[in-house]
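S.K.: Encoded as structure tokens, here's the structure I'll be asking about.
No value in this document is a laboratory result; all are computed from the given coordinates. Values in this document were obtained by computation on a predicted structure and should not be read as measured data. Glycine gets a Cβ as well: all are built from the backbone with ideal geometry, and neighbour counts include every protein chain shown.
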């Protein structure tokens with residue numbers, strides 16, 4: 001699976017797009033392959049620099065990859081929070097700042113879900 005994801009990303013980047021839409025591209029991969037793909041994506045994007053709209057349910061992935069996170073509520077879906085990440089690059093998944101931001105976002109998400117039912 002990881003190889004086909006790499007090919008799909010390479011194919012998308014080959015035309016040098018200004019914007020790249022990625023809808024949970026690593027969700028079906030095992031943890032090790034997904035981690036490798038995140039690092040590969042970061043390396044590619046440092047050179048190509050397109051704007052990316054990356055959809056994920058994985059807050060750790062969002063914090064690691066993103067400069068900005070837009071959090072959506074459950075039904076009815078709406079954006080309830082914009083979070084500028086502000087963690088310097090290069091990032092490592094084990095960085096305490098990533099863990100702290102992820103933990104805060106999880107708490108906030110569950111408080112919004114509890115409020116909206």
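S.K.: Name the residue that is surrounded by the fewest Cβ atoms within 10 Å (Cβ to Cβ), counting only residues in segment 50-90 that are within 13 Å of the chain's Cα centre (by Cα) and assigned to a loop (DSSP other than H, G, I, E, B).
M.R.: My answer is 57.
S.K.: Among the residues of segment 1-20, write down those that are surrounded by 12 or more Cβ atoms within 10 Å (Cβ to Cβ) and in contact (Cβ under 8 Å) with a residue 12 or more places away in the chain.
M.R.: Within segment 1-20, 1, 2, 5, 6, 8, 9, 13, 17, 20 meet the criteria.
S.K.: Let me ask something else. Tell me which of these residue 98 doesn't satisfy, since it passes every other one: (1) within 19 Å of residue 4 (Cα to Cα); (2) touching a helix residue (DSSP H, G or I) at 6+ places or on another chain (Cβ under 9 Å); (3) part of a helix (DSSP H, G or I).
M.R.: Going through (1) within 19 Å of residue 4 (Cα to Cα); (2) touching a helix residue (DSSP H, G or I) at 6+ places or on another chain (Cβ under 9 Å); (3) part of a helix (DSSP H, G or I) one by one, residue 98 breaks only (1).
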